[in-house]
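J.: Please see the structure below; I have some questions.
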Amino acid sequence: MVKLVKWVLNKSGIIMYRGNPNISKVALTFDDGPHHENTIKILDILKQENIKATFFVSGKCAEDYPGIVRAAFAQGHLIANHSYEHEKKVSLIEGYKKTENIIKDITGRQSGFFRPPWGKVDLRQIGFALTKKIRIVLWSFDSADFELKKSEEVAGNISGAKINNGEIILLHDDYSHTVGALPEIISGLREKGFGFCTVEELCGSGQ
């Protein structure tokens with residue numbers, strides 16, 4: 001039953017685990033930033049490699065470092081919503097609304113893409129997303145940079161895995177070892193024949 005519900009929700013377009021399986025592209029997604037040092041380094045790498053990614057920003061961090069969010073947006077990256085501060089005391093929906101306003105103030109555009117903290121989705125969030133036509137974006141591949149502490153381990157975790165078309169790859173831009181792993185991650189995925197795009201571009205026919 002759980003698998004059936006996930007399938008129905010995913011087909012509805014409200015919850016996205018994976019992008020279009022018919023194109024050889026993947027989406028690099030970065031959670032929990034912007035970070036005052038690491039995100040800037042990631043942006044430099046992405047610019048050098050001519051890659052567009054998706055940043056699921058914390059509203060609190062975006063308030064602290066609006067210039068970094070503005071720079072990411074100016075480079076063509078998708079700025080998406082990751083709640084205000086991994087809410088524990090307030091509603092995630094209220095955190096979403098607050099962060100969406102912050103994103104609009106900085107970029108002039110609301111995102112409409114939401115990744116709940118820890119990827120936990122409940123029925124209230126789903127109902128809210130249906131009403132407001134928000135896309136909830138989870139992931140199909142976890143880099144495990146939250147647990148792994150060395151750049152070579154993070155890069156190896158991705159290079160050693162079977163990566164499919166439309167993969168949404170979870171990373172975090174507040175870890176220095178993720179920054180260190182990024183060039184090898186990019187080169188490894190390119191060697192496998194993949195290009196890169198934002199989750200918005202990957203939406204096509206998600207499954």
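J.: When you scan the range 131-143, how many residues do you find that are outside any loop (DSSP other than H, G, I, E, B) and either of a type in the set (K, R) or at pLDDT below 90 (or both)?
T.: Matching residues across the range 131-143 total 3.
J.: I want to confirm something. Restricting to the range 16-58 and keeping residues that are out of contact with any strand residue (DSSP E or B) (no Cβ under 7 Å at 6 or more places or on another chain) and crowded, with 24+ Cβ neighbours inside 10 Å, which single residue is modelled with the highest pLDDT?
T.: That would be T39.
J.: Separate question: Within the range 146-166, is even one residue surrounded by 18 or more Cβ atoms within 10 Å (Cβ to Cβ), modelled with pLDDT of 95 or more, within 21 Å of R18 (Cα to Cα) and of a type in the set (S, T, Y)?
T.: Looking through the range 146-166, none of the residues is surrounded by 18 or more Cβ atoms within 10 Å (Cβ to Cβ), modelled with pLDDT of 95 or more, within 21 Å of R18 (Cα to Cα) and of a type in the set (S, T, Y).
J.: Consider the range 21-43. How many of its residues are in a loop (DSSP other than H, G, I, E, B), closer than 22 Å to E167 by Cβ and either in contact with a helix residue (DSSP H, G or I) (Cβ under 6 Å, 6 or more places away or on another chain) or among the small types (G, A, S) (or both)?
T.: Here the count works out to 2.
Yes/no per residue for (1) of a type in the set (D, E); (2) within 18 Å of F196 (Cβ to Cβ); (3) not in a helix (DSSP H, G or I):
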| position | (1), (2), (3) |
| --- | --- |
| S111 | no, no, yes |
| A129 | no, no, no |
| D145 | yes, yes, yes |
| I158 | no, yes, no |
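J.: Taking the residues in the range 113-145 that are of a type in the set (F, W, Y) and surrounded by 16 or more Cβ atoms within 10 Å (Cβ to Cβ) as candidates, determine which candidate is farthest from I103 (Cα to Cα).
T.: Checking each candidate, the answer is F141.
J.: Sticking with this structure for a sec: Is the range 182-195 home to any residue that is closer than 16 Å to F56 by Cβ, surrounded by 19 or more Cβ atoms within 10 Å (Cβ to Cβ), of a type in the set (A, V, I, L, M, F, W, C) and touching a residue at least 24 places away in the same chain (Cβ under 8 Å)?
T.: Within the range 182-195, none of the residues are closer than 16 Å to F56 by Cβ, surrounded by 19 or more Cβ atoms within 10 Å (Cβ to Cβ), of a type in the set (A, V, I, L, M, F, W, C) and touching a residue at least 24 places away in the same chain (Cβ under 8 Å).
The values are calculated or read from the model by the stated rules, or taken from the named source; none is laboratory data. The structure presented is a predicted model; accordingly, all values stated were derived computationally and were not measured. We place every Cβ from the backbone using ideal geometry, glycine too, and count neighbours over all the protein chains shown.
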